Each structure stands twice: as structure tokens, then as C-alpha cells.
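Take a look at the structure set out below.
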Amino acid sequence: MTAIDVSHSGLAAARAAFRTCRFTGLKVDIAAQRLIMANAVAAVVFLAVGGLMGLLVALTRWPAVHLLPSEWFYLVLTGHGANVLLFWIIFFEIAILYFASAVLLGSRIATPKIAWAAFVLMVAGAIMTNVAVFQGDSSVMFTSYPPMQASPHFYLGLIIFAVGALIGVGIFFATLVVAHGERTYEGSIPLVTFGALTAAIIAVFTLASGAIILVPTWLWSLGLVAEIDPLMYKVVWWGMGHSSQQINVAAHVSVWYAIGALTIGAKPLSEKVSRTAFLLYILFLQLASAHHLLADPGMSATWKIVNTSYLMYLAVLGSLIHGLTVPGALEAAQRRNGYTKGAFEWLRKAPWGNPAFSGMFLSLVMFGFIGGISGVVLGTEQLNLLMHNTIYVPGHFHGTVVAGTTLAFMAMTYYVLPLIFQRDVIWPKLARWQPYLFGMGAGGISLFMMGAGTLGVPRRHWDITLTDAMHPFDLPSGGFLMMGLNGLAAVIAAAGGILYILITVGTVLWGKRLDKGEAPLTFPLHKQAATVAEYGSHATVKLPGTIILVSVFFLSFVLYYFVNWKYLSEIWLLR
Amino acid sequence: MAISPPQNRLWWNEPIERVEIGWVVVAFLWGLFMFFFMIAWHFIGGQNLSTETYRITPAAYEQKVATFAEKYQVSEESGVPVVRPPVGEDVFILARLWEWWPLLELKKGQSYRIHLSSIDWQHGFSLQPVNINISVHPGYEQIITLTPTEAGDFGIACNEYCGIGHHMMTGRIRVVE
């Protein structure tokens, strides 16, 4: 039997075609490359659809514009959530998984045919759910809380998409096994692959939770199951809904490390610390379902506290560690590159004109300061009362998923295009500005929605003037101002998003071909990115700039945390 | 390089930078503090969400609220009863498509046991401008003890999406001296 296995795998290995990347020296499996391209293209298509819907949502919630009628608003808001939060991000993540396994390990991808089947399933599922949404009787929001019911094919589309994604994750694991078995690399897998492995393990938990709750809900929509308990649904659904955001965190942190390596030759300060931080994600991030049940009946305070804090904030600890080790690795690399003056020459002279670098750094800063801090505050058992289901919640997760994940993935695209599609990025001047434009918009929408939520503006709400309500009352005028500023920021973010789509599509179609000739890259790689001779943990180096940055972050965190407790202590008494 | 295997195969034995160890310790301690502060607030704080919950059928809850409203109704506004329960009495609020029913009149500084449940879909109790936000489920009756600390008219919006009339769903609590 062993003999059969060996000869079979030998055959597959012999059949796989490779090219050697002339910029990085990486051995790239052609089958993996095609799969990465397909998944990345699908991701961008769904980003375009979902992003446009996001703009329509923001323009409707801009009180002075109030663009869509209510039916359309709720329809488009449902589609926005599914398209960007699930389809864009998970297609891109599958591309990252294939890249981090096959390409970084120099291996062939396992079972490319099954990987294509997974891709087809994902596309079919995503289209099916979109059809259900556009038919108009499934405006149940992304969360689809029962007893509100959508069409059966709304749930079925999500299930098919999840099955496809789960197969994709399986291909990633199988590729790790193939690479290990065929000895395509030596020692441990690279840190970026390790981070991707973290994301994949969390993805299994996530997609399983989704199946456990969506399959019965689908049967319920067909009339085959009598009742879905709304509280049980929320506990299990958020095992998918929130944990899928943890896939994003693990994936975009990996992207930060990867871009740091590609642009300035950064290497982890310590493999041990960075990998342990990823391990903390696997162990504790899945408890986050509780974040959505802090203001709900039926759960004990003990359950809430243990789960919402990811067991004493051990998963937050993972992110806080990356919050130091990523800028630390960048500073160490820049100091090695010769920028040693003062505390911040390394940062001032960083390649800010390279959209991969600027996008990565903006993503890092905004994910920490906006998404991270607000997430912990929002997830504190009692503080949640102040913001639960207000528009503060979308404010928080636009800080994590848009300013954090989406911006990091956009930044990564500026290397996916030349290295995988082998096309040089077109319109470099515009590309240079794209991350700033999108980042400014994304940071703006996050902050303004958080501000409006603090003033009580509800989420998923068509008309905060409450004009048609039976007992109208006035929400604070500051909330209206914030929603207007949110609309403006959304227009800026949309401009950045449209630019991203144009550059990406334009480059794929008309970018200068890099596979022929010796043309250099418009956005060059760091010279050390091309050599794998010098790697491993970084030797001791002083990091004054990083220490200052992290101190500022920590002070902001502590201050904002206590400001909210002060605010809570002033509301009505409640026990 | 973060994109290539670590050079030192026994990377686990490499020493850790001092700055990293320092930050890990600070971050871990801060996490512990935040964890224990949530527990502490149950003892030192005046704002903790009760977890007292009972299962109830929507029809039974609707009946309880109707009895309560009939008993303590003092007036009517746009067809909706205004209810002034005696201090210390159990108070019932019903969430349905698309209203919070009935309107309430409470006394400042007095504690009331407020019952919350929905008879159809999920709703979000959002008291404004106080900014207290609580999820309301059908089939679950949650009881919170609430003490208004200021007088005036307070609106209740719905902040859990509940269909096409979601943005019209409101209610009111009037707090008198």
C-alpha cells in the first residue's frame, strides 16, 4: 500500500508544472497560481458589488441625503453584509491560504481539481444568496435572526458557499502535508504560513458552527423544522459570525508580516513570541460569540464574563503582542537598512510611496487604535449596555474589517498583481494614493459611527428622525451630525474603493507583462526579500520608536476604557 | 524573513527581546485587570444587567401585559394606554411589530421590576437619551430592576432590525418627580 501511495504522489508531483519567480526566487506551482488568480478575481468582484451597496447604505443614513426608500435600504444593507463580510473576505482568504501553503513552501497544491470544485461551489453559493436578496423577500440582514425568515435559497446559498470554503481550507491542510512529505522546505513553516494555518484552523470551527445553525434554519424555512430558538440561534450563529472575523484577524496579521518582509525586509523579532501570539488566537478567539449576547436574557453573568473576555483576555493578549512585534519588526528592519537617527527616522523614511507598505501600516494603526480598543470596550460585560446594537457596533467592526482587514488585503494586492498575475501595476501615481484615500474614508466611517452610537443612534435603521413613528422623539442632534460626517467619509472610502477596483482590473487586463523580459517592478521589493539566505530571529536591537508608539496606544486604551466606565456610572441604576 | 522558514531550526530556544517580554507582561496584567474589573463592578457598580429570565409563551406574556395595563391605566394617548404603576410594582413592557406597549409613567428615584419580552420577532430595547440597550427575545421574559435617576420624557427606539416598520417602532417612559 505504501508503494502505491508513493508512486501515486510521485506521479502527481512529476505532473505539476512550476515556474521560478524572478523577483523572489520562489518556486510557483502553476496550478496554485491559477487558483489564486481565480479566487482573487472573485473576491474583487464581490468587493465591488458589496462596496457599492455599502455606499448606498451610507448615503441613505446621511440624514440630508436619505437616498433609498426603506424597502431598498433594508435589502441593500442585507446584501452589503453578505457580499463584503463573507464573500469578498473569504474568497481573498482562500487565495491567501493557497499562496501561504503552495507558493511560500515551494510545493505543488494538493488536488487542484477539487480546489476548482470548491471554487465553483463558493461562486454558486454566493450568487444564490445574492439572487435571494435581490428577489426582495430575504431582507433579513446578514444575521438573519429567527423568527424572521428568509427564502430557503438565502440560507442554502450560504451553506453551499461555506461547504466550498471548507473544502478550500482542506486543500490548504493537504498542501501542508504534501509539502512536508515531499520536503519542499526545511525546518518549520514560515511565520506567515503559520499565521495562515491559524486562520485555517479557526475557519474550520467557524464554518462548522455555520453549518450547525444554518442547516436546521434552512430546513425550518422549508417547513421541515417547527421552530428555531432565537437565543440558541444567536449563540451558535455568532460562533460563525464572530469567529469568521477572527479568521480575518489571523489572516491580516499574516499579511502585515508578509508585506513587512517584502517591502523592507522585516523579520520577526522573535519567532517564539509571534507564533505564541497566533497560538493564543487558536485557543481563545472562538469564545467571542458571547460579545453578541451581553445584553440578552438567559445567560449567566459568569458565562458572559468568561466568554466575552476570551478567558481573561488571552486572545486580546495575542493581538496586543502583534501590536508590538509588527511595528518592532519594521523598525528593526529599517534600522538595519540604515535609518538609525532618532526615534522615528525609520518611520519617516519608510516607503510611504509604496501602496503595499502604506496600506499595511495604516491597517495596522487603525486596526489597533480604532477596531481593537473599541472592540474590547464594546465587549466588556456592563459597558455593552451603552452601545449594544447602536451604530457604535458597525463603527467598531468597520474599524476591524474595513480599516483593518480590507485595507491589508488591498495592500497585499499590490504584490499579488506583479508576483502572481505577473502584470505590473498600472497608474502608479494613483495607486500610491489609493490606500490613503480608502484608509481615510474607512477610519472616518468607523469613528463617526462610533460617535453616533455613543449618542444613541440605532443601527440598521432607516429613519432616525422617527417621523412616522407613533410616539416620535428626538435623538441628539450630534447624532445627526455624526451620520452626515459618516456619509462624507463613506464617499471618500468609496472613491478609494473604486480606484482599487479600477487599478486591479486594469492591471490584470492591460498591465505590462512581467513574465517576459527583464522589466523591473514599479513598486520594488526589498533586496533582502529576494534572498532567503539571511533569515531567522532578529538580533538584539533597540526599538525606541516602537516603544513610544506602543506606549501612546496603551495610554489611549486605558483612558478610553475608563471614560466609558465613567459614562456608565452616570446612567440609570440597573440591577 | 517572515515568508521563509526560520533559519534556526530550534527557534524555540532563542532568547526573547527584553522589550517583548516587558510588553507581554504589561498586556497580560492589563487583561487580568479588565477581567477582574467586570467582576468587581457587580459589587461596586450600580449598573449591572440582571440575568433573571423565564421561558414564557408569547400569548401568556401578552395576557400578563394586558392585565397590567388595564389595572393601572391613567389615561390614553393616540389610542395607547398610559400606565402609572405603584412604586415597587412589577412593570410589563411588550415588544411587537412595531411598538413598545404600553406607555409608562414612573417616579424618579424609585425602583421598578421591569419585565421585557417580545410576542413576535426579536427587538432591541433602546432607552434614549439615557442610552440603555437590551435585546428582547420572543419566548423569554427578562426582569430587570430599574431606577430612573432623572425626570423627563424618555423615548424607546428599537435597535434590533425587525422588518419593514423597524424605524417606526417606538415607545415612551415618562419619569415624574
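The values are calculated or read from the model by the stated rules, or taken from the named source; none is laboratory data. None of the values given here were measured: they were computed from a predicted structure. Counting neighbours? That spans all protein chains shown, and the Cβs are built from the backbone with ideal geometry, glycine included.
Restricting the first residue to the range A:43-61 and requiring it to be more than 22 Å from A:G453 (Cα to Cα), which pairs with a second residue that is outside any helix (DSSP H, G or I) and not polar (S, T, N, Q) meet a Cβ separation below 8 Å and a spacing of at least six or different chains?
none
Going through the range B:108-129 one residue at a time, which ones are surrounded by fewer than 22 Cβ atoms within 10 Å (Cβ to Cβ) and assigned to a loop (DSSP other than H, G, I, E, B)?
B:K108, B:G109, B:Q110, B:S111, B:I119, B:D120, B:P129
Quick grid of which residues meet (1) surrounded by fewer than 24 Cβ atoms within 10 Å (Cβ to Cβ); (2) among the hydroxyl-bearing types (S, T, Y):
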| position | (1), (2) |
| --- | --- |
| A:M232 | yes, no |
| A:G239 | yes, no |
| A:S244 | no, yes |
| A:H252 | no, no |
| A:K267 | no, no |
| A:Y281 | no, yes |
| A:F284 | yes, no |
| A:P297 | no, no |
| A:S309 | no, yes |
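Check off (1) hydrophobic (A, V, I, L, M, F, W, C); (2) part of a loop (DSSP other than H, G, I, E, B); (3) closer than 30 Å to B:W41 by Cα for A:F367 and give me the number that stays unchecked.
Against the list (1) hydrophobic (A, V, I, L, M, F, W, C); (2) part of a loop (DSSP other than H, G, I, E, B); (3) closer than 30 Å to B:W41 by Cα, A:F367 comes up short only on (2).
Which of (1) at pLDDT 95 or above; (2) under 13 Å from the mean Cα position of the chain (by Cα) does A:V65 not meet, given it meets every other one?
(2)
Restricted to the range B:7-27, and to residues that are closer than 29 Å to A:S551 by Cα and part of a loop (DSSP other than H, G, I, E, B), which residue is farthest from the other protein chains (Cβ to nearest Cβ)?
So the first thing to find is which residues in the range B:7-27 are closer than 29 Å to A:S551 by Cα, and the list is B:11-27.
Imposing the further condition that a residue be part of a loop (DSSP other than H, G, I, E, B) reduces the set to B:14-17.
Values: B:E14: 5, B:P15: 8, B:I16: 5, B:E17: 5 Å.
Within the range B:7-27, the match that is farthest from the other protein chains (Cβ to nearest Cβ) is B:P15.
Go through the range B:28-45 and give me each residue that's facing chain A (nearest Cβ under 7 Å) and either more than 27 Å from A:A295 (Cβ to Cβ) or touching a residue at least 60 places away in the same chain (Cβ under 8 Å) (or both). Quick ask: steps written out before the conclusion?
We begin by selecting, within the range B:28-45, every residue facing chain A (nearest Cβ under 7 Å); these are B:28, B:31-32, B:34-35, B:38-39, B:41-42, B:45.
Correct list: B:F28 only.
Looking at the range A:436-454 only, could you name the residues that are within 14 Å of chain B (Cβ to nearest Cβ), small (G, A, S) and surrounded by 24 or more Cβ atoms within 10 Å (Cβ to Cβ)?
Of everything in the range A:436-454, those that are within 14 Å of chain B (Cβ to nearest Cβ), small (G, A, S) and surrounded by 24 or more Cβ atoms within 10 Å (Cβ to Cβ) turn out to be A:A452, A:G453.
I need the full set of residues from the range A:457-487 which are in a helix (DSSP H, G or I) and touching a helix residue (DSSP H, G or I) at 6+ places or on another chain (Cβ under 7 Å), in order please. If you could, list the steps in order and put the result at the bottom.
The first filter runs over the range A:457-487 and keeps only residues in a helix (DSSP H, G or I), leaving A:477-487.
Within the range A:457-487, A:G479, A:M482, A:M483, A:L485, A:N486, A:G487 meet the criteria.
I want to confirm something. Restricting to the range A:269-279 and keeping residues that are among the aliphatic types (A, V, I, L, M) and in a helix (DSSP H, G or I), which single residue is surrounded by the fewest Cβ atoms within 10 Å (Cβ to Cβ)? Please lay out each step first, then the result.
Of the range A:269-279, the ones among the aliphatic types (A, V, I, L, M) are A:269, A:273, A:277, A:279.
Keeping just the survivors that are in a helix (DSSP H, G or I) gives A:273, A:277, A:279.
Details: A:V273: 22, A:A277: 24, A:L279: 13.
Once the filter is applied, the top-ranked residue is A:L279.
Which members of the range A:424-440 meet the condition of being on the phi < 0 side of the Ramachandran plot and not in a helix (DSSP H, G or I)?
Just the residues of the range A:424-440 that are on the phi < 0 side of the Ramachandran plot, to begin with: A:424-426, A:428-440.
Across the range A:424-440, the qualifying residues are A:D424, A:V425, A:I426.
Which residue out of A:L347, A:L317, A:L362, A:L330 is part of a helix (DSSP H, G or I), away from every other protein chain (no Cβ under 14 Å), farther than 27 Å from B:T51 by Cβ and over 17 Å from the mean Cα position of the chain (by Cα)? Give the derivation first.
On the way: A:L317 fails: away from every other protein chain (no Cβ under 14 Å); A:L362 fails: over 17 Å from the mean Cα position of the chain (by Cα); A:L330 fails: away from every other protein chain (no Cβ under 14 Å).
Of A:L347, A:L317, A:L362, A:L330, the one residue that is part of a helix (DSSP H, G or I), away from every other protein chain (no Cβ under 14 Å), farther than 27 Å from B:T51 by Cβ and over 17 Å from the mean Cα position of the chain (by Cα) is A:L347.
So A:I370 clears everything in (1) among the aliphatic types (A, V, I, L, M); (2) away from chain B (no Cβ under 14 Å); (3) surrounded by fewer than 23 Cβ atoms within 10 Å (Cβ to Cβ); (4) closer than 27 Å to A:S569 by Cβ except one condition, right? Which one?
(3)
Can you work out which of the residues in the range B:120-168 that are more than 7 Å from every other protein chain (Cβ to nearest Cβ) and of a type in the set (A, V, I, L, M) is farthest from A:A295 (Cα to Cα)?
This residue is B:A151.
Report, by residue number, each residue of the range A:539-569 that is at pLDDT below 95 and more than 17 Å from A:L347 (Cβ to Cβ).
Result: A:A539, A:T540.
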